[in-house]
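Report on the following structure.
The values are calculated or read from the model by the stated rules, or taken from the named source; none is laboratory data. Source: prediction; values computed, not measured. Note: ideal-geometry Cβ built from the backbone for every residue, glycine included; neighbour counts use all protein chains shown.
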Amino acid sequence: MDNTVLLHHAPMSRSNIVLWMLEEMGIPYRLNLMSLQRQDQKKPAYLAINPMGKVPALEHKGVVVTEAAAICAYLADAFPEASMAPRADDPLRGPYYRWMFFAPSSLEPAAFDRMTGRGAPDPSAAGYGTYDLAVETAATAIARTPFVLGDRFSTADVILGSHIIWGMMVKALPERPEFTAYAERLRARPAWQRAMAKNQELYAELHPTG
């Protein structure tokens, strides 16, 4: 069976995260290019793949995976030769999962609430507690080592790093020294640069007039 993965991808969306992951891994992949402006993600053919009508979605050997963090976790395990995740018996496996899923479950909702001005929910009911706590927790995770797992870059950095870069870009996260230094390290990675350049090209291909 063909081991190539198919990413349903819309440039300048959450699927940028998965494109970066694929570039880091160096594995064969194909893209089904989609336009959010044309609402391609709401068309029947795609809704049959992801009824949520959102990108990204990944297809691999008959398996469909949605949600960016889940896709990246799946890819890391499906292609262990890429060394994007600690082994199951590695003590770093716990911190790896912790920070990878902290990003979409706590940091992103906190940043989104701040960005949209929806107001702070009751900390006892909010999954992230408070905005300041979520920000401080993220900063602590990257304050003393180059990457979340120390000197080792992993899928957790793809996920957490993407959220921090996005959050600062839209002014939903502060430009703390920990965040800016971490983002600078990530942006210096050739795979990140390739993915972002490809996204720009694909967006221009879809929307030639801007």
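Here is how the numbers come out for the structure above:
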{"item": "Number of positions in segment 2-31 that are of a type in the set (A, V, I, L, M, F, W, C) and assigned to a strand (DSSP E or B)", "result": "4"}
{"item": "Segment 128-159, residues that are closer than 21 Å to LEU92 by Cα, touching a residue at least 40 places away in the same chain (Cβ under 8 Å) and assigned to a helix (DSSP H, G or I)", "result": "ALA138, ALA139, ALA141, THR155, ALA156, VAL158, ILE159"}
{"item": "All positions within segment 42-75 that are surrounded by 22 or more Cβ atoms within 10 Å (Cβ to Cβ) and in contact with a strand residue (DSSP E or B) (Cβ under 8 Å, 6 or more places away or on another chain)", "result": "VAL55, PRO56, ALA57, LEU58, ILE71, LEU75"}
{"item": "Residues being surrounded by fewer than 22 Cβ atoms within 10 Å (Cβ to Cβ), among the charged types (D, E, K, R) and closer than 22 Å to ALA69 by Cβ - total across segment 1-41", "result": "3"}
{"item": "Test for PRO28: is it free of Cβ contacts under 8 Å to residues at least 24 places away in the same chain and either on the phi > 0 side of the Ramachandran plot or not assigned by TED's automatic domain parsing to the domain that holds VAL148 (or both)", "result": "no"}
{"item": "Test result for ALA78, on the phi < 0 side of the Ramachandran plot and assigned by TED's automatic domain parsing to the domain that holds PRO28", "result": "yes"}
{"item": "In segment 171-210, the residues that are of a type in the set (A, V, I, L, M, F, W, C), touching a residue at least 24 places away in the same chain (Cβ under 8 Å) and in contact with a helix residue (DSSP H, G or I) (Cβ under 8 Å, 6 or more places away or on another chain)", "result": "ALA172, LEU173, PHE179, LEU186, ALA191, TRP192, ALA195, MET196"}
{"item": "Segment 167-210 - residue that is part of a loop (DSSP other than H, G, I, E, B) and β-branched (Val, Ile, Thr) and, of those, surrounded by the fewest Cβ atoms within 10 Å (Cβ to Cβ)", "result": "THR209"}
{"item": "Residue in segment 76-106 that is farthest from VAL148 (Cα to Cα), counting only those that are surrounded by 17 or more Cβ atoms within 10 Å (Cβ to Cβ) and of a type outside the set (A, V, I, L, M)", "result": "PHE79"}
{"item": "Boolean, ARG38 is within 20 Å of PRO190 (Cα to Cα) and modelled with pLDDT under 95", "result": "no"}
